[in-house]
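Asker: Below you'll find the structure I mean.
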Amino acid sequence: MILSSYASLWIFGVLLLSPSLIISLPIQDSFLQCLQKNSDISFPFSTLLYSPVNSSFISILQSSAQNLRFTLPLTPKPELIYKPVEESHIQAAVICSKQLGIHLRVRSGGHDREGLSYVSEIDTPFIVVDLDMLRSISIDIDGNSAWVQAGATIGELYYRISEKSKNHGFPAGVCPSVGVGGHITGGGYGSMFRKYGLAADNVIDARIIDAQGRVLDRKVMGEDLFWAIRGGGGGSFGIISAWKVKLVPVPSTVTVFRVAKTLEQGATKLLYRWQQVADKLDDDLFLSVSVQLANAGKKGKKTMSTSYDAMFLGDTKRLLQVMQESFPELGLQQQDCIETSWINSVLYMSFFPNNTTPEILLQRNNLFKRYLKGKSDYVKEPIPETALEGLWERLFEEENPSMELIPYGGMMNKISEYQIPYPHRKGNLFMIDYSTSWKDPSENAAKHIDWVRKIYEYMAPYVSMNPREAYGNYRDLDLGMNEKTNTSCEEASVWGTKYFKDNFYRLVQVKTRVDPDNFFRHEQSIPPCHQTTPLRFFHDSTGFQQINHTPAVSISDSKGCHDHSTALLVTDKQK
């Protein structure tokens, strides 16, 4: 699966020595010629390329496009889809894209909420490098680790782990069709993150193709870049080809339950109580809340349903003790609980039908493809009951509203917000994911989008402030966008600090050093900083750091982005 360092360097050398191409040729022909000239072996690259003239082009483009809003006819389409089957093919794609001046986007699972892995509004023409053929997974149970290529889904990873062991798992998301490559770059939370942290917290090594077409592992890339790619967002620093992740222990028996309460059953007071205890529950318990419309039983009447969805790393007996001590108000009973294996809990939390076998995780299917608009928030104080009542009124205005409340605490309180770029740690009670979805493309999309924006506006007094934080993997272009050229770091910091807080400024520093020409870019990628005025300090757990403290790599190493009185450095504690 993984090329040797020698082979990678040899391929890179061949690429650099390639003659320039005839740019006037059609993009497909030029790109194909470039791939062939820059390959060390004869390979039928034409079988990896799909253009709009191919009958399968649209089906391939839409195969992992999870938000159907970005599959409509007027959405910008790539000139080519390129599906590499070897790591060296990614290297060639980077070199050829640079030589031909063609912008590229990279897709692993296609779950980007704004479609940025396969749609470009700011750069044309563009191609899509689709990694779904690079999905090899190598499990090392004795070493408690796994190498997984970026095109694999987290469901495939879960399945391959369970094949080898019933007592190992990995703390990633609950949607099994999400691609490993992009999921980890944004952090990646799931039903074990209160116990073990994010997926990105459990990365040991990685392989990335940089803007020069080189393959770098952790040792070669250095700790700054390794820090940045674990939670700093995809599409900014290079193309991840594989992650090495740490496997975590799971018990032979886990317990799941799903208990729903409507407004008529006291949902408002119960949710207020949940907010007070959610981040303080036993670390082995993940207890999220889904809020949706439901039938009240009377003809034509709707109500609000709050569904308490749980996965507990233990048996029913201990779970009932934990719930009785911490959240007796839910009234959990033994008959509500299902004891199962960890791999089957993945199916349960993903809403697969009962009696579904784990093999379905290998099909890479998403049961919930739809037209979607979503936004996110972090909550630091319980939302008052009166505010919840106002929220219900607004949810009733939409046909298919959804809110997911994800509890924090546990391990998330113990990891520094500077450990990796993902900063939303201690002090957060829970995260909110607001969304609305629809199935008919003829529906008024603007109406649905406007509704979720109004909900977001209504919630402003009750969520984090200065900045109003957001989850980077729940991409939201309402927060701001890069311009095609010359996006200033100050402009990008408006949305960047919402996703990364002060870690945004260190991400800019890394970007400026490793990709100063901004080859890897999209509407919300980290920009390089070439301005002469400083951005601001960023800090670690010891406080603010200045350039005259400890020698370290600074932004001035790449085209000068500070004056020497105020630039902040990467210290060992930040690493």
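A short reminder: the numbers here are calculations on the coordinates, not readings from a lab. Keep in mind that this is a model prediction, so the values were computed, not measured. Neighbour counts run over all protein chains shown; Cβ positions are idealised from the backbone, glycine included.
Asker: Roughly how many Å is it from the Cα centre of segment 308-354 to that of segment 198-243, as a whole number?
Answerer: Answer, in whole Å: 36.
Asker: Along the positive direction of the dipole of the chain (beta-carbon charges: Lys, Arg +1; Asp, Glu -1; about the Cα centre), which of Ser376, Gly155, Asn38 reaches farthest?
Answerer: So the residue we want is Gly155.
Asker: Relative to 2.2 N^0.38 Å, what does the C-alpha radius of gyration of segment 381-445 come to as a ratio? Two decimals please.
Answerer: So the Cα radius of gyration is 1.53 times the expected 2.2 N^0.38 Å.
Asker: Could you grab the Rg to Rh ratio for segment 414-499? Cα atoms only, Kirkwood for Rh. Kindly include the intermediate steps, with their values, before the conclusion.
Answerer: Numbers: Rg = 15.4 Å, Rh = 15.2 Å.
With Rg and the Kirkwood Rh in hand, the quotient comes to 1.02.
Asker: Using amide H atoms built in the peptide plane, which far-off residues or other-chain residues are under 5 Å from Gly169 H to H?
Answerer: Placed amide hydrogens put Val248, Val250 under 5 Å from Gly169.
Asker: Just the number, please: percent antiparallel of the DSSP beta bridges in the chain, rounded to the nearest 5.
Answerer: Of all bridge pairs located within the chain, approximately 90 percent are antiparallel.
Asker: Percent relative contact order of the chain, based on C-alpha pairs within less than 8 angstrom and at least six residues apart? Intermediate values should be presented prior to the final figure.
Answerer: On the way: 1200 pairs, mean separation 74.6, N = 575.
About 13 percent, as a whole number.
Asker: Taking Lys447 as the anchor, which lysines have their alpha carbon closer than 21 Å to its alpha carbon, excluding any fewer than eight residues away along the same chain?
Answerer: Cross-link targets: Lys302, Lys369, Lys373, Lys375, Lys439.
Asker: Please compute, over every Cα-Cα pair in segment 47-144, the percentage with a separation greater than 24 angstrom.
Answerer: Numbers: 1122 of 4753 pairs.
It works out to 24 percent of all Cα pairs.
Asker: From the backbone phi of segment 217-224, what are the Karplus-calculated ³J(HN,Hα) couplings (6.51 cos²θ - 1.76 cosθ + 1.60, θ = phi - 60°) in whole Hz, Gly and Pro given as x?
Answerer: 9, 4, 4, 6, 6, x, 6, 5
Asker: Decide, for segment 347-417, between rounded, prolate and oblate: order the square roots of the alpha carbon gyration tensor eigenvalues as a ≥ b ≥ c, take rounded if a/c falls under 1.5, and otherwise choose prolate if a/b is larger than b/c, else oblate.
Answerer: Details: a/c = 2.45, a/b = 1.32, b/c = 1.85.
The shape class here is oblate.
Asker: Let me ask another. Taking N as the number of residues in the chain, what is its alpha-carbon radius of gyration divided by 2.2 N^0.38 Å?
Answerer: On the way: Rg = 23.8 Å, N = 575, 2.2 N^0.38 = 24.6 Å.
Its radius of gyration relative to the 2.2 N^0.38 Å reference: 0.97.
Asker: Near Lys269, which lysines are there with a Cα under 16 Å away, not counting those fewer than 8 places off in the same chain?
Answerer: Here the lysines satisfying the reach criterion relative to Lys269 are Lys261.
Asker: Restricting things to Cα coordinates, could you compute the convex hull volume per residue of segment 321-360 in Å³? Walk me through the numbers before you get to the answer.
Answerer: Details: hull volume 3.7 nm³, N = 40.
It is 94 Å³ per residue.
Asker: Would you calculate, for the chain, the mean residue ellipticity at 222 nm contributed by helices, counting each DSSP H stretch of 4 or more residues as -39,500 (n - 2.57) and dividing by all residues, to the nearest 500?
Answerer: Taken over the chain, the calculation gives -8000 deg cm²/dmol.
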